[in-house]
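J.: Sharing a structure with you now.
The values are calculated or read from the model by the stated rules, or taken from the named source; none is laboratory data. Nothing here was measured: the structure is a model prediction, and the numbers come from that model. For neighbour counting, all protein chains shown are included, and Cβ atoms are generated from backbone atoms with ideal geometry for every residue, glycine included. Ligands, DNA and RNA are stripped out before the accessible areas are found, and what is left, the full protein with its side chains, is counted by its heavy atoms. Shrake-Rupley method; radii C 1.70, N 1.55, O 1.52, S 1.80 Å.
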Amino acid sequence: MTIDTYWRIGMEGDHASLRTPRRYNRGNAAGYGPGNIAPAIRGGELDGYSYIDHVAAVARASESAGFLGGLLPSFPVTEDPWAFAAALARETTTYRFMVAFQPGFLHPVQAARMSASLQRATGGRLVHNIISGGGGPAQLWWGDKVSHDDRYARTSEFLDVLRGVWDGDPYTHDGRFFRTEGAALPPGLAGQSFPEVYFSGSSGAAVQAAGRHADYYLSWLEPFGDLRAKFDGVRAHAEKIGRTPKFAVRIDILARHTEEAAWDEIRKGWAFVDRDAANRAAQGDSVGAGRIKGWVPETITGYRDLEVQPNVWCGFSLIRGGPAFGLVGSYEQVAQRLDELIDLGVDAFILAGNPHLEEAYRVGEEVLPLLGRSRLTTAAGASSLTHAH
């Protein structure tokens, strides 16, 4: 059994650590000022070291630390992951780029051309992270007012069309959301390896769409029993249509040599708790976000109240934006929890830590080698693999 491990690449800037979670000092997420290091202000002027230079350092670091590839997230506050993937491909060797995107904002024929072009240019290093959107203000930023279940119906139709044109035969489609007539990729692009599809969503509509299209059903970390039940639902639906999906989990990691040192980092970051900010970020109709809110108690007396099972902590979103759940503990404890998830049925991880550069080395060097019941897929070892479907 091989386990694919990806590293999240911060596309919106980065901050020094969870001890200073509101202080972005890499990139321009908080503007450029004293203390910024990517780029830095030297002699009153920016030093010319752009944020993409820093992101390239993160990609190279995580590749050298043993990660198969990197997730390039997409939100209203981020750089564009398609553009960054094209730029970063030249900075790495076999590293894969998991591009997050919402199908509603691209025509599937154009997405097929973009994807096939990246596959051809990079030797097959593109991975799709399909996001149908969580509603609320973030969705309206894109001008998208499509209802929750219809967004998943649109995603499913999008992937049908994208696959339909992929191999170069003229393809005609007259659907609810997309139309095309005699569309085909040009010679040279047609027949490239089809990108693996990571598909996320917790609602019934999402599970149905994932059952049809996902190579990997992707979930945020949750209590392990709830993850198992979610996976069982996806598996049952997929089996009805003759498919066998794999499963992936996106996890924040805070690991140190000792458990005490790891929790001390949480203690220092706890001073920056902002529950209102977390609630604002969770606005919308996302079922997954609603599930997460249900696990965070209204009354919290201290940060350890949020440890829902050993080393599984649901307070990350109260300190910084993003998922609530992550793993906190010694290197050995975090590796043990990851092994338990593998036993539960997880086939791939998207791991993350702040700051992304330093923590890529830390997790790659200290945690990944301890995974005893798995053989990690490395970028070098996977360079000859193809993913045609």
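J.: First measure r as the distance between the Cβ atoms of residue 226 and residue 181, then evaluate 1/(1 + (r/R0)^6) with R0 = 56 Å and state the FRET efficiency to the nearest 0.05.
T.: Values: r = 45 Å, r/R0 = 0.80.
In this case the efficiency is close to 0.80.
J.: Further, regarding this structure: Once Lys and Arg get +1 and Asp and Glu get -1 on their Cβ, which of 220, 200, 314 lies farthest toward the positive end of the dipole of the chain?
T.: 200
J.: In whole Å, what is the distance between the alpha-carbon centres of segment 60-130 and segment 152-178?
T.: That distance is 21 Å.
J.: Still on this structure, I have one more. State the Cα centre-to-centre distance between segment 329-351 and segment 6-28 in whole Å.
T.: Using only Cα atoms to place each centre, the spacing works out to 24 Å.
J.: Under a plain spin-label model, where a point goes 7 Å from the Cα along Cα-to-Cβ, how far apart in nm are residue 32 and residue 174?
T.: Rounded to a tenth, the inter-label distance reads 5.4 nm.
J.: May I pose another question? Counting only protein heavy atoms and using a 1.4 Å probe, what share of the accessible area of segment 216-272 belongs to carbon plus sulfur, as a whole percent?
T.: Working: 1300 of 2520 Å².
So the carbon and sulfur contribution to the accessible surface is 52 percent.
J.: Here's something else I'd like to know. Quick check for you: with a 1.4 Å probe and neighbouring chains kept, what is the accessible area per residue of the chain, in Å²?
T.: Numbers: 16040 Å² over 389 residues.
Spelled out: the 1.4 Å probe surface of the chain, per residue, equals 41 Å².
J.: When the chain is treated as a GNM, springs tying every alpha-carbon pair under 10 Å, which of 251, 41, 241 comes out with the largest mean-square fluctuation?
T.: Of the options given, 241 has the highest mean-square fluctuation.
J.: With the chain treated as a Gaussian network of Cα nodes joined by springs under 10 Å, which of 124, 182, 345 yields the largest mean-square fluctuation?
T.: Comparing 124, 182, 345 in a Gaussian network model of the chain, the most mobile one is 182.
J.: Would you calculate the separation in nanometres between label points at residue 190 and residue 304, each defined as 7 Å from the Cα along the Cα-to-beta-carbon direction?
T.: The modelled label-to-label distance comes out at 6.5 nm.
J.: So who's got an amide H within less than 5 Å of the one on residue 350, skipping anything under 5 residues away but keeping other chains? H placed 1.01 Å off N, in plane.
T.: Residues meeting the amide H criterion: 6, 249, 250, 251.
J.: Roughly what would the spin-label model give for residue 260 and residue 16, points 7 Å off Cα along C-beta, in nm?
T.: 2.5 nm
J.: Would you please give the residues with an amide H less than 5 Å from that of residue 25, counting only those at least 5 places away or on a separate chain, with H modeled from the backbone geometry?
T.: When sequence neighbours closer than 5 places are left aside, the close amide H contacts are 14, 15, 16.
J.: Per 0.36 nm of contour for each residue apart, how much would the distance between residue 167 and residue 106 grow if the chain were fully extended, relative to their Cα-Cα spacing?
T.: Working: separation 61, 0.36 × 61 = 21.96 nm, distance 1.92 nm.
Answer, rounded to one decimal: 20.0 nm.
J.: Most fluctuating residue of 130, 266, 300 in a GNM of the chain with Cα springs under 10 Å: which is it?
T.: In this elastic network of the chain, the residue with the biggest mean-square fluctuation among 130, 266, 300 is 300.
J.: Take the solvent-accessible surface of the protein heavy atoms, probe 1.4 Å, and return the percent of it on segment 61-121 that carbon and sulfur atoms account for. Write down the numbers at each step before the final one.
T.: Working: 1120 of 2180 Å².
Ligands and nucleic acids excluded, carbon and sulfur reach 51 percent.
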